[in-house]
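Below: the structure, in structure tokens.
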């Protein structure tokens, strides 16, 4: 068997492509935060208690997880199937049934800060492919991606476990225009750095 066929889809992600996508996303997001500052601030302040967005994000996150616990095989629905080890692979049929039930139960039962908790769930899922794309790659500048991923993991854990901290962080960030602009320019600069490294150093990786 070709070694590439036994690799998970995350392990096949090119550092170059990941860097381009992440860099453009950071630049676009923080540019929007600068240009449409008032609208973004209003959205962020309302976001923690936006039940509809929370339900959508929970659905996206749990469907993503459902794809990870699918049985290996050909086809789009099996492309993200992950080997969980001998002990946990046997639980895949149970997990595939539990995920759709969980979507319904979580959306019904969780009323407080559902959107923030769901955002944390997505953050944890996003971090995995980011880390895999930079794993054991040669350029030292690749560390820009793991640094971002680990910060995302830490934030996501807090958002899931203590979602009120997201609300407090938004209140702190939006309290002063100068503070807001500094945060936006910081994120914008990080995005430019990631994009520049991807274009200059990460081709072929």
Original post:
Looking only at segment 77-89, which residues are exposed (fewer than 12 other Cβ atoms within 10 Å of the Cβ) and touching a helix residue (DSSP H, G or I) at 6+ places or on another chain (Cβ under 8 Å)?
Top reply: 83
Original post:
Among the residues of segment 54-76, is there at least one that is assigned to a helix (DSSP H, G or I), surrounded by 14 or more Cβ atoms within 10 Å (Cβ to Cβ), more than 16 Å from the chain's Cα centre (by Cα) and at pLDDT 95 or above?
Top reply: no
Subject >> Single condition residue 167 does not satisfy, out of (1) closer than 30 Å to residue 198 by Cβ; (2) touching a helix residue (DSSP H, G or I) at 6+ places or on another chain (Cβ under 9 Å); (3) surrounded by fewer than 17 Cβ atoms within 10 Å (Cβ to Cβ) >> reply: (1)
Subject >> Output for segment 22-53, where each listed residue is surrounded by fewer than 14 Cβ atoms within 10 Å (Cβ to Cβ), under 19 Å from the mean Cα position of the chain (by Cα) and more than 21 Å from residue 116 (Cβ to Cβ) >> reply: 28
**OP:** Answer yes if at least one residue in segment 88-95 is modelled with pLDDT of 75 or more, under 19 Å from residue 118 (Cβ atoms), in a helix (DSSP H, G or I) and under 24 Å from the mean Cα position of the chain (by Cα), and no otherwise.
**Re:** yes
Subject >> Any pair with Cβ under 6 angstrom, 6 or more apart, that starts in segment 79-93 at a residue that is at negative phi and ends at one that is at pLDDT 80 or above and in a helix (DSSP H, G or I) >> reply: 79/9; 80/9; 80/67; 80/68; 82/68
Original post:
Would segment 182-190 turn up any residue that is modelled with pLDDT under 95 and either assigned to a helix (DSSP H, G or I) or on the phi < 0 side of the Ramachandran plot (or both)?
Top reply: no
Original post:
Within segment 111-155, restricting attention to residues that are surrounded by fewer than 16 Cβ atoms within 10 Å (Cβ to Cβ) and assigned to a loop (DSSP other than H, G, I, E, B), which residue is modelled with the lowest pLDDT?
Top reply: 111
**OP:** Would you confirm whether any residue within segment 24-33 is part of a helix (DSSP H, G or I), modelled with pLDDT of 95 or more and farther than 30 Å from residue 204 by Cβ?
**Re:** yes
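The values are calculated or read from the model by the stated rules, or taken from the named source; none is laboratory data. Nothing here was measured: the structure is a model prediction, and the numbers come from that model. Counting neighbours? That spans all protein chains shown, and the Cβs are built from the backbone with ideal geometry, glycine included.
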